[in-house]
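Remarks on the structure that follows.
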Amino acid sequence: MPNICLVTSEIVGPFKNGGIGTHNYYLMQYLSEAKEINCTIIYNGPIECESYEYWKSKFKAEYDTEFIWISPTQDNLNQKTLSPCHWERVSQANLDYLKNKQYDIVLFQEMLGGGFRSVQAKRTLGILEGTLLAVMVHSSWQWVNESMQLFPVYGLHEMQTKYMERYSVQYCDALISPSQYMLNWSATDVESLPKFQRIIPYLFDPSLRKASPKKVASELIFFGRLEQRKGLILFLDSLNAIQKDLSTAYSTARIPVYFLGRAGQTEDGDGLLTIQKYRSLLNSTFEIHIISNLGHHEALEFLRSHPKAMVVCPSLQDNSPFAVIENILLETNLISCRTGGIPELFADESRLAEPTVPDLSRLIIAGLNGNLPNLQIAYSIESSRAAWKEFLSINIAQTVGPVHNPRAITTSNISQLPMIVLEAKPISADMLTAQANNRIILRGELLLSNPRALIDEAQAHSHLLLIGSSFSLEPTAESALNSAIHTRPDYILTGYTEYRFAEPLLDAPLGPCLEAVLAENALGNGVVVLPTSILTQIDARGLTLMHQMLKDPKYFWSFLSHLAISGHPIDVIPQTLCFTSKLHSLPLSQRTIYTQRSEIITSMSSQLPRWTQRLLPYIADISPSQNNTSNIAVSNPSDGSKSLPSLLRYYWKRAKAKLRAKLANP
């Protein structure tokens, strides 16, 4: 019996409404009909109504589905980490749960990167090998920015979450999209897409009761989130444009206009504020009603109960919006826009406007006068169900293939590799080499005067293991590193580092998120596995930075950043590889921070014009944003020292608190 797991931050029920939540609800419903399938939901979103126990019981009783809540705010996610990327911790919690289970297919949503660590663990460690890790593209953060016509506002947190989304899409086993449009857009956002791709339309309730709309509309319903992307301002501007003509035709009564949807973001702050701003302009012709608190099923009933209404879904950009699908199936008096994946839902474009005020106004007037042609649709529940059935019955072994790289046959075991210990202070000549458990240990300080020792050792091995002298390998590190160098033999590999102080800290780097390396060491610290084949490919600048790192392990940051900028493949093993309890291992020196950032800027700007080189230092001050939204959680927010990396910010804050306490109690 196939075991299917859906991982999502939205699902109808605990989450009132939204496209991703609607998709997962009806997919769960479809899976529950197939008695030969076991279904589990891992939910990463908020419980907006009732309780976890309520939904766990309800989903089990009605859909025979296990409901697991990994809350984005629960205590296990509040571990002190050095990254401001809260959703990385959610992704790690998902991996921690999944690696102890056996599912045939795990389906993630790309939004917020819930599958990031699981995909990364499969790529680097080979775990979850018998599981197909699929990602469905709905509305990534970058796509939302472009569609909302808004620049990023959440700083480093946003930058790193977007990296997680892209990584999941690029390296998953199977990529699913409800529209050709979104598949095409995704190809412009990442370097490459997986070979296995499917267009599978969203599912819906086949027993949905139809509406009975009137051909001549006397009411208007804006249906969708009250935000910029959904065309809220376009709709309001269109009402303003046509009200002079309508005031004559409807001189005895104002036209009811219902805004049906949750408040979202607009240039005024949110949709409710935008509607309020337009209300005084429209009051003479239109009677404004805002209904923003209905759940999914209540909203459908509202649409069904207004047969005199024309429903308007004027998205500026959209994937395959459920607002349109629902009205197609209800057979309401619907008009929409010719954007994104919307035209794929219709058999013709007679009820689709260009996203401009004149063209949308034309369709609204046509609907109010009863002059719209009959609705012609292409979307089919039956076709969608057939496509999902075909996907769920695929041969996973043939689709995914082996995780381990065939080239890894010649790779050494980690215990046989030379260990280069990076020491920040001079050491004596008799410490040049030593034997410990049959491992050759080379001291980085003395390799500076004897670089031939490094080259000689490298020739006999596939990889080198570099470790700071203040760090110790975790007992489980050797097994993890063995798996990783056999799975990704050509990659530079790092992992998590734990700082074991009174308040333990975890350094959990993401990987080569190059847009973030100026602000944070997103590439790893403490231990690195370096393929020896890369030694001959490192350019002169890289060798200079390696020279600095051999003197002082704090230069992991600039050395690894240069390798990543130069195009060498780097990835992170998502588990703790080393630890330290020595305070001097922390990069607390502001001079060191400045030096490393300057080195990274030089690496970045070597092929860029001078004006770009002057711009980069300003970008280096990026920090987690202080803005708060219901969907964003930022850990360890910065204070006045916002230009400092997370680790330094954290200890700077602690030091100030201790100083205040000492002054208060001398």
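The values are calculated or read from the model by the stated rules, or taken from the named source; none is laboratory data. The structure displayed is predicted, hence computed values, not measured ones. Cβ atoms come from the backbone with ideal geometry, glycine included; neighbour counts cover every protein chain shown. All accessible areas refer to the heavy atoms of the entire protein, side chains included, with ligands and DNA or RNA removed. Shrake-Rupley method; radii C 1.70, N 1.55, O 1.52, S 1.80 Å.
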Residues located in the stretch 286-315, provided they are within 21 Å of residue 346 (Cβ to Cβ) and either aliphatic (A, V, I, L, M) or in contact with a Cys (Cβ under 6 Å, 6 or more places away or on another chain) (or both): 300, 303, 309, 310, 311, 312, 314, 315
Total residues in the stretch 115-165, condition open to solvent by less than 10 Å² (accessible area, probe 1.4 Å), in a helix (DSSP H, G or I) and among the small types (Gly, Ala, Ser): 3
From 537, 548, residue being open to solvent by 20 Å² or more (accessible area, probe 1.4 Å), of a type outside the set (Phe, Trp, Tyr), free of Cβ contacts under 8 Å to residues at least 60 places away in the same chain and closer than 24 Å to residue 498 by Cα: 548
Looking only at the stretch 385-394, and only at residues there that are of a type in the set (Gly, Ala, Ser) and within 14 Å of residue 27 (Cα to Cα), the one that is most open to solvent (accessible area, probe 1.4 Å): 386
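Condition check ((1) at pLDDT below 95; (2) closer than 26 Å to residue 198 by Cβ) across all residues:
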site	(1), (2)
356	no, no
359	no, no
370	yes, no
381	yes, yes
389	yes, yes
Top-ranked residue in the stretch 402-415 [being assigned to a loop (DSSP other than H, G, I, E, B) and either modelled with pLDDT of 60 or more or touching a Lys or Arg at 6+ places or on another chain (Cβ under 8 Å) (or both); ranked as least open to solvent (accessible area, probe 1.4 Å)]: 403
Criterion (open to solvent by less than 20 Å² (accessible area, probe 1.4 Å) and among the β-branched types (Val, Ile, Thr)) met by exactly one of 339, 356: 339
Among (1) at pLDDT below 85; (2) surrounded by fewer than 20 Cβ atoms within 10 Å (Cβ to Cβ); (3) under 27 Å from residue 602 (Cα atoms), the one test that residue 453 misses: (3)
Residue count for the stretch 359-384, restricted to those that are open to solvent by less than 20 Å² (accessible area, probe 1.4 Å), of a type in the set (A, V, I, L, M) and closer than 15 Å to residue 313 by Cα: 3
Failed item, numbered, when residue 23 is tested on (1) under 18 Å from residue 298 (Cα atoms); (2) open to solvent by 20 Å² or more (accessible area, probe 1.4 Å); (3) touching a residue at least 60 places away in the same chain (Cβ under 8 Å): (2)
Where residue 198 falls short, out of the listed (1) assigned to a loop (DSSP other than H, G, I, E, B); (2) of a type outside the set (Ser, Thr, Tyr); (3) over 20 Å from residue 124 (Cβ atoms); (4) touching a Leu at 6+ places or on another chain (Cβ under 9 Å): (1)
Hits in the stretch 468-517 - residues which are within 27 Å of the chain's Cα centre (by Cα), part of a loop (DSSP other than H, G, I, E, B) and not small (Gly, Ala, Ser): 488, 489, 490, 491, 504, 509, 510, 512, 513, 517
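Condition check ((1) aromatic (Phe, Trp, Tyr); (2) crowded, with 18+ Cβ neighbours inside 10 Å; (3) under 21 Å from residue 363 (Cβ atoms); (4) touching a Leu at 6+ places or on another chain (Cβ under 8 Å)) across all residues:
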{"position": "235", "(1), (2), (3), (4)": "yes, yes, yes, yes"}
{"position": "245", "(1), (2), (3), (4)": "no, no, yes, no"}
{"position": "256", "(1), (2), (3), (4)": "no, no, yes, yes"}
{"position": "261", "(1), (2), (3), (4)": "no, yes, yes, yes"}
{"position": "282", "(1), (2), (3), (4)": "no, yes, yes, yes"}
{"position": "294", "(1), (2), (3), (4)": "no, no, no, yes"}
{"position": "297", "(1), (2), (3), (4)": "no, no, no, no"}
{"position": "306", "(1), (2), (3), (4)": "no, yes, yes, no"}
{"position": "317", "(1), (2), (3), (4)": "no, yes, yes, no"}
Which listed residue, of 190, 119, is touching a residue at least 12 places away in the same chain (Cβ under 8 Å) and out of contact with any Cys (no Cβ under 7 Å at 6 or more places or on another chain): 190
Candidates 168, 192, 218, filtered to the one that is at pLDDT 95 or above, in contact with a helix residue (DSSP H, G or I) (Cβ under 9 Å, 6 or more places away or on another chain), of a type in the set (Gly, Ala, Ser) and open to solvent by less than 70 Å² (accessible area, probe 1.4 Å): 168
